Amino acid sequence: MAGQETLLPRNCVENNGYFYSILGVLMYRGFGLDQFMNQCYGNSEDGGKGKQMPVHYGSSEHSFVTISSPLATQLPQAAGSAYAFKRAQNGLVVICYFGEGAASEGDAHAAFNFAATLECPIIFFCRNNGYAISTPVSEQYRGDGIAIRGPAYGMATIRCDGNDVLAVYNATKTAREIAVTENRPVLIEAMTYRIGHHSTSDDSSAYRSVDEVKYWDQKDHPITRFYSYLVSKGGWSEAQEKEWKNESKKKVLEAFARAEKRLKPDWKEMFTEVYDEMPEDLRKQMVEMEKHVELYKDQYPLKNYAK
(Lines give C-alpha, C1' and ligand atoms only; values in the text may rest on other atoms or scores of the structure.)
Protein backbone atom coordinates (compact mmCIF):
# COMPACT_ATOMS: atom_id res chain seq x y z
CA MET A 1 0.00 0.00 0.00
CA ALA A 2 2.94 2.34 0.67
CA GLY A 3 3.44 3.06 -3.00
CA GLN A 4 -0.24 3.37 -3.85
CA GLU A 5 -0.52 7.08 -3.11
CA THR A 6 1.97 7.73 -5.92
CA LEU A 7 -0.54 6.33 -8.43
CA LEU A 8 -3.53 8.25 -9.75
CA PRO A 9 -6.92 6.64 -8.96
CA ARG A 10 -7.50 5.85 -12.64
CA ASN A 11 -4.26 3.88 -12.97
CA CYS A 12 -4.98 0.19 -13.34
CA VAL A 13 -4.14 -2.34 -10.60
CA GLU A 14 -3.79 -6.07 -11.23
CA ASN A 15 -2.99 -8.75 -8.66
CA ASN A 16 -3.28 -12.38 -7.73
CA GLY A 17 -2.03 -14.90 -5.20
CA TYR A 18 -1.54 -12.96 -1.95
CA PHE A 19 -5.04 -11.54 -1.80
CA TYR A 20 -4.83 -10.20 1.75
CA SER A 21 -1.62 -8.27 1.11
CA ILE A 22 -3.09 -6.07 -1.60
CA LEU A 23 -6.40 -5.02 -0.08
CA GLY A 24 -4.72 -1.94 1.43
CA VAL A 25 -4.37 -0.60 -2.11
CA LEU A 26 -8.07 -1.03 -2.77
CA MET A 27 -8.99 0.45 0.61
CA TYR A 28 -6.77 3.46 -0.05
CA ARG A 29 -8.71 4.06 -3.28
CA GLY A 30 -11.99 4.23 -1.38
CA PHE A 31 -13.30 0.65 -1.39
CA GLY A 32 -15.23 0.54 1.90
CA LEU A 33 -15.45 -2.05 4.66
CA ASP A 34 -19.02 -2.90 3.68
CA GLN A 35 -17.87 -3.61 0.14
CA PHE A 36 -15.12 -5.90 1.40
CA MET A 37 -17.52 -7.81 3.63
CA ASN A 38 -20.26 -8.03 1.01
CA GLN A 39 -17.76 -9.62 -1.38
CA CYS A 40 -16.59 -12.14 1.23
CA TYR A 41 -20.19 -13.16 1.92
CA GLY A 42 -21.18 -13.05 -1.76
CA ASN A 43 -24.46 -11.39 -0.80
CA SER A 44 -26.88 -9.31 -2.88
CA GLU A 45 -24.78 -6.17 -2.38
CA ASP A 46 -21.60 -7.82 -3.65
CA GLY A 47 -20.36 -6.14 -6.83
CA GLY A 48 -19.53 -9.56 -8.26
CA LYS A 49 -22.99 -10.90 -7.32
CA GLY A 50 -21.58 -13.95 -5.57
CA LYS A 51 -19.70 -15.26 -8.61
CA GLN A 52 -16.23 -15.03 -7.10
CA MET A 53 -14.40 -16.78 -4.27
CA PRO A 54 -14.09 -14.80 -1.01
CA VAL A 55 -11.32 -12.15 -0.88
CA HIS A 56 -11.25 -12.02 -4.70
CA TYR A 57 -12.07 -8.33 -4.83
CA GLY A 58 -12.49 -6.26 -7.96
CA SER A 59 -13.87 -2.84 -8.79
CA SER A 60 -14.03 -1.07 -12.15
CA GLU A 61 -14.91 2.12 -10.27
CA HIS A 62 -11.53 1.95 -8.53
CA SER A 63 -9.63 0.65 -11.60
CA PHE A 64 -8.85 -2.56 -9.72
CA VAL A 65 -8.93 -5.71 -11.82
CA THR A 66 -10.64 -8.63 -10.08
CA ILE A 67 -8.22 -10.88 -8.21
CA SER A 68 -7.81 -14.39 -9.61
CA SER A 69 -6.41 -17.51 -7.95
CA PRO A 70 -4.22 -18.97 -10.75
CA LEU A 71 -0.65 -17.77 -10.35
CA ALA A 72 0.76 -15.23 -12.82
CA THR A 73 -2.24 -15.10 -15.18
CA GLN A 74 -2.58 -11.40 -14.41
CA LEU A 75 0.93 -10.54 -15.63
CA PRO A 76 0.39 -10.85 -19.41
CA GLN A 77 -3.07 -9.32 -18.96
CA ALA A 78 -1.44 -6.36 -17.24
CA ALA A 79 1.09 -6.00 -20.05
CA GLY A 80 -1.81 -5.98 -22.52
CA SER A 81 -3.65 -3.33 -20.52
CA ALA A 82 -0.52 -1.18 -20.44
CA TYR A 83 -0.11 -1.54 -24.20
CA ALA A 84 -3.73 -0.39 -24.64
CA PHE A 85 -2.97 2.64 -22.44
CA LYS A 86 0.06 3.41 -24.59
CA ARG A 87 -1.97 3.27 -27.80
CA ALA A 88 -4.67 5.47 -26.23
CA GLN A 89 -2.01 7.96 -25.09
CA ASN A 90 -4.00 8.58 -21.90
CA GLY A 91 -1.00 9.02 -19.59
CA LEU A 92 -2.07 6.13 -17.36
CA VAL A 93 0.08 3.38 -15.86
CA VAL A 94 -0.64 -0.23 -14.88
CA ILE A 95 0.80 -1.65 -11.67
CA CYS A 96 0.82 -5.43 -11.34
CA TYR A 97 1.51 -7.13 -7.99
CA PHE A 98 2.83 -10.68 -7.71
CA GLY A 99 5.05 -12.82 -5.51
CA GLU A 100 8.42 -14.38 -6.27
CA GLY A 101 6.65 -17.73 -6.63
CA ALA A 102 4.50 -16.40 -9.47
CA ALA A 103 7.68 -15.15 -11.14
CA SER A 104 8.58 -18.80 -11.74
CA GLU A 105 5.62 -19.21 -14.06
CA GLY A 106 6.03 -18.91 -17.82
CA ASP A 107 3.39 -16.17 -17.92
CA ALA A 108 5.76 -13.90 -15.98
CA HIS A 109 8.51 -14.22 -18.61
CA ALA A 110 6.05 -13.65 -21.45
CA ALA A 111 4.73 -10.52 -19.72
CA PHE A 112 8.21 -9.12 -19.09
CA ASN A 113 9.21 -9.62 -22.70
CA PHE A 114 5.99 -8.20 -24.17
CA ALA A 115 6.14 -5.15 -21.89
CA ALA A 116 9.79 -4.50 -22.70
CA THR A 117 9.63 -4.97 -26.46
CA LEU A 118 6.39 -3.02 -26.82
CA GLU A 119 7.62 -0.37 -24.37
CA CYS A 120 4.53 -0.41 -22.17
CA PRO A 121 3.88 1.93 -19.20
CA ILE A 122 3.71 -0.71 -16.49
CA ILE A 123 5.17 -1.34 -13.04
CA PHE A 124 5.80 -5.00 -12.21
CA PHE A 125 5.82 -5.09 -8.41
CA CYS A 126 7.27 -8.31 -7.00
CA ARG A 127 6.90 -8.92 -3.28
CA ASN A 128 9.68 -11.38 -2.47
CA ASN A 129 8.67 -12.71 0.94
CA GLY A 130 10.94 -15.74 0.96
CA TYR A 131 8.36 -18.46 0.47
CA ALA A 132 6.00 -19.60 -2.28
CA ILE A 133 3.61 -21.29 0.16
CA SER A 134 6.09 -23.88 1.53
CA THR A 135 8.81 -23.55 -1.10
CA PRO A 136 11.74 -21.37 0.06
CA VAL A 137 13.55 -19.11 -2.41
CA SER A 138 16.57 -21.45 -2.28
CA GLU A 139 14.46 -23.98 -4.17
CA GLN A 140 12.84 -21.46 -6.52
CA TYR A 141 15.87 -19.95 -8.25
CA ARG A 142 19.66 -19.88 -8.22
CA GLY A 143 20.10 -16.28 -9.37
CA ASP A 144 20.07 -13.13 -7.29
CA GLY A 145 16.33 -12.90 -6.72
CA ILE A 146 13.85 -11.51 -9.24
CA ALA A 147 15.47 -8.10 -9.80
CA ILE A 148 18.28 -9.64 -11.84
CA ARG A 149 15.73 -10.62 -14.50
CA GLY A 150 14.83 -6.99 -15.22
CA PRO A 151 18.05 -5.99 -17.04
CA ALA A 152 17.97 -9.28 -18.96
CA TYR A 153 14.65 -8.18 -20.48
CA GLY A 154 15.78 -4.59 -20.90
CA MET A 155 13.66 -3.20 -18.06
CA ALA A 156 14.62 -0.53 -15.55
CA THR A 157 14.79 -2.30 -12.18
CA ILE A 158 14.61 -1.21 -8.53
CA ARG A 159 15.18 -3.41 -5.49
CA CYS A 160 14.09 -2.00 -2.15
CA ASP A 161 13.52 -2.95 1.47
CA GLY A 162 9.92 -4.15 1.41
CA ASN A 163 9.64 -3.72 5.17
CA ASP A 164 10.41 0.00 4.92
CA VAL A 165 7.23 1.92 4.06
CA LEU A 166 9.09 5.00 2.88
CA ALA A 167 11.48 2.97 0.73
CA VAL A 168 8.53 1.30 -1.01
CA TYR A 169 6.85 4.67 -1.50
CA ASN A 170 9.96 6.21 -3.07
CA ALA A 171 10.60 3.17 -5.26
CA THR A 172 7.03 3.21 -6.59
CA LYS A 173 7.05 6.96 -7.11
CA THR A 174 10.29 6.73 -9.12
CA ALA A 175 8.98 3.76 -11.11
CA ARG A 176 5.83 5.64 -12.06
CA GLU A 177 7.83 8.66 -13.20
CA ILE A 178 9.90 6.41 -15.48
CA ALA A 179 6.83 4.58 -16.82
CA VAL A 180 5.04 7.86 -17.61
CA THR A 181 7.87 10.02 -18.92
CA GLU A 182 9.83 7.32 -20.75
CA ASN A 183 6.88 5.06 -21.62
CA ARG A 184 8.59 1.84 -20.59
CA PRO A 185 8.20 -0.90 -17.97
CA VAL A 186 9.83 -0.94 -14.55
CA LEU A 187 10.39 -3.94 -12.30
CA ILE A 188 10.37 -3.45 -8.52
CA GLU A 189 11.47 -6.21 -6.16
CA ALA A 190 10.48 -5.49 -2.57
CA MET A 191 12.42 -7.75 -0.19
CA THR A 192 10.20 -8.75 2.71
CA TYR A 193 9.16 -11.75 4.81
CA ARG A 194 5.88 -13.61 5.25
CA ILE A 195 5.40 -13.82 9.01
CA GLY A 196 2.01 -15.56 8.95
CA HIS A 197 1.00 -18.87 7.47
CA HIS A 198 0.21 -18.88 3.75
CA SER A 199 -3.43 -19.70 4.51
CA THR A 200 -5.63 -21.15 7.25
CA SER A 201 -4.84 -24.64 5.94
CA ASP A 202 -1.09 -24.05 6.04
CA ASP A 203 1.13 -24.89 9.03
CA SER A 204 4.39 -23.11 8.28
CA SER A 205 6.14 -24.68 11.31
CA ALA A 206 6.46 -27.78 9.13
CA TYR A 207 8.97 -26.06 6.85
CA ARG A 208 10.54 -23.23 8.90
CA SER A 209 11.59 -22.71 12.49
CA VAL A 210 9.65 -20.77 15.08
CA ASP A 211 12.83 -18.80 15.89
CA GLU A 212 13.08 -17.64 12.28
CA VAL A 213 9.54 -16.27 12.33
CA LYS A 214 10.03 -14.72 15.76
CA TYR A 215 13.10 -12.81 14.57
CA TRP A 216 11.26 -11.17 11.68
CA ASP A 217 8.18 -10.50 13.79
CA GLN A 218 10.13 -8.78 16.55
CA LYS A 219 13.08 -7.18 14.75
CA ASP A 220 11.94 -6.27 11.25
CA HIS A 221 8.15 -6.02 11.19
CA PRO A 222 7.15 -3.26 8.72
CA ILE A 223 4.22 -2.02 10.80
CA THR A 224 6.30 -1.89 13.97
CA ARG A 225 9.11 -0.10 12.15
CA PHE A 226 6.80 2.55 10.73
CA TYR A 227 5.05 2.93 14.09
CA SER A 228 8.41 3.52 15.80
CA TYR A 229 9.38 6.04 13.13
CA LEU A 230 6.15 8.03 13.51
CA VAL A 231 6.46 8.02 17.31
CA SER A 232 10.08 9.20 17.11
CA LYS A 233 8.99 12.12 14.91
CA GLY A 234 6.13 13.05 17.24
CA GLY A 235 3.48 12.19 14.66
CA TRP A 236 1.89 9.30 16.57
CA SER A 237 1.63 7.92 20.10
CA GLU A 238 0.88 4.69 21.94
CA ALA A 239 -2.46 6.11 23.09
CA GLN A 240 -3.46 7.00 19.51
CA GLU A 241 -2.39 3.55 18.36
CA LYS A 242 -4.58 1.85 20.96
CA GLU A 243 -7.58 4.06 20.19
CA TRP A 244 -7.17 3.53 16.43
CA LYS A 245 -6.94 -0.26 16.77
CA ASN A 246 -10.04 -0.45 18.96
CA GLU A 247 -12.05 1.81 16.65
CA SER A 248 -10.90 -0.08 13.55
CA LYS A 249 -11.81 -3.45 15.07
CA LYS A 250 -15.24 -2.10 15.97
CA LYS A 251 -15.86 -0.86 12.41
CA VAL A 252 -14.77 -4.18 10.90
CA LEU A 253 -17.04 -6.21 13.16
CA GLU A 254 -19.99 -3.90 12.45
CA ALA A 255 -19.48 -4.27 8.69
CA PHE A 256 -19.15 -8.03 9.21
CA ALA A 257 -22.48 -8.17 11.01
CA ARG A 258 -24.26 -6.10 8.36
CA ALA A 259 -22.97 -8.25 5.51
CA GLU A 260 -23.96 -11.45 7.31
CA LYS A 261 -27.59 -10.34 7.51
CA ARG A 262 -28.00 -9.30 3.89
CA LEU A 263 -29.85 -11.52 1.43
CA LYS A 264 -27.98 -13.67 -1.03
CA PRO A 265 -28.15 -12.67 -4.73
CA ASP A 266 -31.12 -13.74 -6.85
CA TRP A 267 -30.22 -17.29 -7.85
CA LYS A 268 -30.78 -16.35 -11.51
CA GLU A 269 -27.64 -14.21 -11.27
CA MET A 270 -25.59 -17.38 -11.76
CA PHE A 271 -26.66 -17.33 -15.42
CA THR A 272 -26.18 -13.62 -16.12
CA GLU A 273 -23.26 -11.27 -16.81
CA VAL A 274 -20.82 -14.01 -17.77
CA TYR A 275 -21.51 -13.42 -21.46
CA ASP A 276 -22.44 -10.13 -23.10
CA GLU A 277 -25.35 -11.96 -24.71
CA MET A 278 -26.57 -15.12 -23.01
CA PRO A 279 -25.96 -18.20 -25.24
CA GLU A 280 -29.02 -20.24 -26.15
CA ASP A 281 -27.85 -23.34 -24.25
CA LEU A 282 -27.40 -21.26 -21.09
CA ARG A 283 -30.83 -19.70 -21.58
CA LYS A 284 -32.36 -23.18 -21.80
CA GLN A 285 -30.61 -24.18 -18.58
CA MET A 286 -32.04 -21.14 -16.80
CA VAL A 287 -35.57 -21.98 -17.99
CA GLU A 288 -35.13 -25.56 -16.78
CA MET A 289 -33.87 -24.28 -13.43
CA GLU A 290 -36.85 -21.93 -13.11
CA LYS A 291 -39.23 -24.85 -13.64
CA HIS A 292 -37.32 -26.99 -11.16
CA VAL A 293 -37.31 -24.30 -8.44
CA GLU A 294 -41.02 -23.63 -8.98
CA LEU A 295 -41.81 -27.34 -8.67
CA TYR A 296 -39.71 -27.83 -5.54
CA LYS A 297 -39.89 -24.35 -4.04
CA ASP A 298 -40.76 -25.76 -0.63
CA GLN A 299 -37.35 -27.49 -0.64
CA TYR A 300 -35.32 -24.30 -1.18
CA PRO A 301 -34.76 -21.42 1.30
CA LEU A 302 -35.93 -18.83 -1.26
CA LYS A 303 -36.66 -16.29 1.46
CA ASN A 304 -32.89 -15.93 1.93
CA TYR A 305 -32.41 -14.81 -1.69
CA ALA A 306 -33.09 -11.45 -3.30
CA LYS A 307 -35.63 -11.24 -6.11
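The values are calculated or read from the model by the stated rules, or taken from the named source; none is laboratory data. In this text, all values refer to a predicted model and were calculated from it rather than measured experimentally. Virtual Cβ from ideal backbone geometry, glycine too; neighbours counted across all protein chains shown. With ligands, DNA and RNA removed, areas are computed over all heavy atoms of the protein, side chains included. Shrake-Rupley method; radii C 1.70, N 1.55, O 1.52, S 1.80 Å.
Filtered by the rule that a residue be touching a Leu at 6+ places or on another chain (Cβ under 7 Å) and of a type in the set (A, V, I, L, M), segment 253-307 gives Ala255, Ala306. Entry remark, segment 81-97: residues being assigned to a strand (DSSP E or B) and of a type in the set (A, V, I, L, M) number 2 in total. Gln218 passes every criterion in (1) open to solvent by 60 Å² or more (accessible area, probe 1.4 Å); (2) polar (S, T, N, Q); (3) not in a helix (DSSP H, G or I) apart from (3). Of the residues making up segment 227-243, one or more are on the phi > 0 side of the Ramachandran plot and open to solvent by less than 100 Å² (accessible area, probe 1.4 Å). Taken together, the criteria place Ala78 among residues that are part of a helix (DSSP H, G or I), closer than 21 Å to Tyr28 by Cα and either open to solvent by 10 Å² or more (accessible area, probe 1.4 Å) or among the aliphatic types (A, V, I, L, M) (or both).
Among helices (runs of 4 or more DSSP H) entirely within segment 222-307, having at least 2 residues that are over 30 Å from Arg127 (Cβ atoms) and small (Gly, Ala, Ser) singles out 238-261.
The C-beta contact set for segment 145-169 (first residue over 27 Å from Trp216 (Cα atoms), second residue surrounded by fewer than 20 Cβ atoms within 10 Å (Cβ to Cβ) and of a type in the set (A, V, I, L, M), distance under 6 angstrom, 6+ apart or interchain) comprises Ala156/Ile178. Among the residues of segment 197-215, those identified as part of a helix (DSSP H, G or I) and either basic (Lys, Arg) or free of Cβ contacts under 8 Å to residues at least 60 places away in the same chain (or both) are Ser205, Val210, Asp211, Glu212, Val213, Lys214, Tyr215. The residue that is farthest from Gly24 (Cα to Cα), counting only those in segment 51-72 that are more than 13 Å from the chain's Cα centre (by Cα) and either surrounded by fewer than 18 Cβ atoms within 10 Å (Cβ to Cβ) or hydroxyl-bearing (Ser, Thr, Tyr) (or both), is Lys51. Out of Ser201, Ser209, one residue alone is loosely packed, with under 10 Cβ neighbours inside 10 Å and within 30 Å of Val137 (Cα to Cα). It is Ser201. Taken across segment 22-31, residues that are over 22 Å from Ala179 (Cβ atoms) and assigned to a loop (DSSP other than H, G, I, E, B) do occur, with at least one present. The residues in segment 98-132 that are over 27 Å from Tyr193 (Cβ atoms), in contact (Cβ under 8 Å) with a residue 40 or more places away in the chain and among the polar types (S, T, N, Q) can be counted, and the count is 1.
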